[in-house]
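Structure, as structure tokens:
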Amino acid sequence: MSAATTRSRTPDRLCAEAVDLARAAAEEAAAPGVVGEHAGLVSEGDRVVTHFFECKEMGYRGWRWAVTVARASRAKIVTLDEVVLLPGPDALLAPEWVPWSERLRPGDMGPGDLLPTDAEDLRLEPGFSGEDEPPPNSPVSDDMAELVEAEDAEVAGGVPANLPIAPSRGSIAAIAEELGLRRARVLSRYGLHTAADRWEEGFGAKTAMAQAAPASCVSCGFLVRIGGSLGQAFGVCANEFAPADGRVVSLTYGCGGHSEAAVMPKPPQPAPPRLDETRVDPFPLRPSPDSGSVPVDADAEADLGHS
């Protein structure tokens with residue numbers, strides 16, 4: 001361990017005694033009445049000491065005013081270095097900042113909100129981005145025009161290459177528009193899988209409602225089929241009384257509003273109790289004289305051999 005390191009751990013005496021100078025600097029930088037008691041000091045290096053003062057300002061619980069003072073070598077005058085408000089070990093701090101893309105949750109968007117998607121969003125992939133060029137075997141393609149011209153075939157209006165406009169219905173753009181592919185980006189396989197997992201978790205076979213349903217949605221008349229690959233496993237519920245009305249539901253989901261659900265039978269009535277516990281039956285200690293066939297008298301007891 002070097003001598004410089006040893007000296008830096010021991011606060012300089014003159015800098016440590018400059019409490020009044022440090023307090024005056026803190027009060028000048030802070031609002032009136034917010035600088036509290038002296039809360040200690042720490043050595044920052046050779047002839048450099050930081051004094052701490054409690055902060056009484058509302059909303060800064062546990063924070064401290066840190067005033068650093070120093071003096072030059074062989075000098076007797078302590079000078080001011082800096083004044084700053086720093087959090088203490090028990091300070092009340094704001095939570096760590098999280099980007100909006102990680103804070104956003106389903107249902108957070110409101111009217112007028114904009115949600116931009118990242119250019120590298122894994123849920124999307126490029127859609128139909130090619131130019132409106134006819135395929136090689138199209139009657140309006142350049143290859144077919146040369147073939148027709150070579151064979152001296154007659155085409156209304158001239159050869160296809162000289163036609164003013166191509167038939168709109170046979171163009172790639174028209175087909176893409178009809179198939180719903182004329183978009184800059186479409187769902188990728190990852191986007192399809194995440195959507196399917198999310199819908200299956202909300203309205204799938206493992207939910208409590210589906211476990212108690214009389215039948216699944218695949219046989220329900222209120223199910224509206226959807227197109228695409230997701231239509232093999234999902235549909236839209238159109239039952240206004242169902243809990244999933246207007247939602248995308250799994251074909252294995254179900255509820256009590258199934259179109260073919262039978263009328264619920266009445267709950268079975270319990271059998272009447274065999275023992276009536278609401279009344280008390282008297283039991284005499286001695287039988288009634290007329291309850292049996294043997295009269296109760298002394299002679300009868302003697303004849304029966306009672307002693």
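The values are calculated or read from the model by the stated rules, or taken from the named source; none is laboratory data. If you're wondering where the values come from, they're calculated on a predicted model, not measured in any experiment. When we count neighbours, we look across all protein chains shown, and the Cβ atoms used for this are built from the backbone with ideal geometry, even at glycine. For the accessible areas, the whole protein counts, side chains as well, though only heavy atoms, and no ligand, DNA or RNA atoms are used. Shrake-Rupley method; radii C 1.70, N 1.55, O 1.52, S 1.80 Å.
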Condition first: touching a residue at least 40 places away in the same chain (Cβ under 8 Å) and either open to solvent by 70 Å² or more (accessible area, probe 1.4 Å) or outside any loop (DSSP other than H, G, I, E, B) (or both). Now tell me which residues in segment 254-266 satisfy that. 260, 262
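Output the residues belonging to segment 227-253 that are of a type in the set (Gly, Ala, Ser) and either out of contact with any Leu (no Cβ under 9 Å at 6 or more places or on another chain) or open to solvent by 40 Å² or more (accessible area, probe 1.4 Å) (or both).
Kept after step one, since they are of a type in the set (Gly, Ala, Ser), are these residues of segment 227-253: 227-229, 231, 233, 235, 238, 242, 244, 246, 250.
Matches in segment 227-253: 227, 228, 229, 231, 233, 238, 242, 244, 246, 250.
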A careful count of residues in segment 202-224 that are modelled with pLDDT of 90 or more, of a type in the set (Ser, Thr, Tyr) and within 15 Å of residue 259 (Cα to Cα) gives 1
Do you know which residues across segment 231-253 are out of contact with any Ser or Thr (no Cβ under 8 Å at 6 or more places or on another chain) and part of a loop (DSSP other than H, G, I, E, B)? 238, 240, 241, 242, 243, 244, 245, 246, 247
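Inspect all residues belonging to segment 206-226 and state whether any of them is in contact with a Pro (Cβ under 9 Å, 6 or more places away or on another chain) and open to solvent by 60 Å² or more (accessible area, probe 1.4 Å). Before the answer, list the steps.
Taking segment 206-226 first, the residues in contact with a Pro (Cβ under 9 Å, 6 or more places away or on another chain) are 209.
Those left that are additionally open to solvent by 60 Å² or more (accessible area, probe 1.4 Å): 209.
Yes, there is a match, as at least one residue in segment 206-226 is in contact with a Pro (Cβ under 9 Å, 6 or more places away or on another chain) and open to solvent by 60 Å² or more (accessible area, probe 1.4 Å).
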Pick out the one residue from 205, 184, 212 that is touching a helix residue (DSSP H, G or I) at 6+ places or on another chain (Cβ under 9 Å), of a type outside the set (Val, Ile, Thr) and touching a residue at least 24 places away in the same chain (Cβ under 8 Å). 205
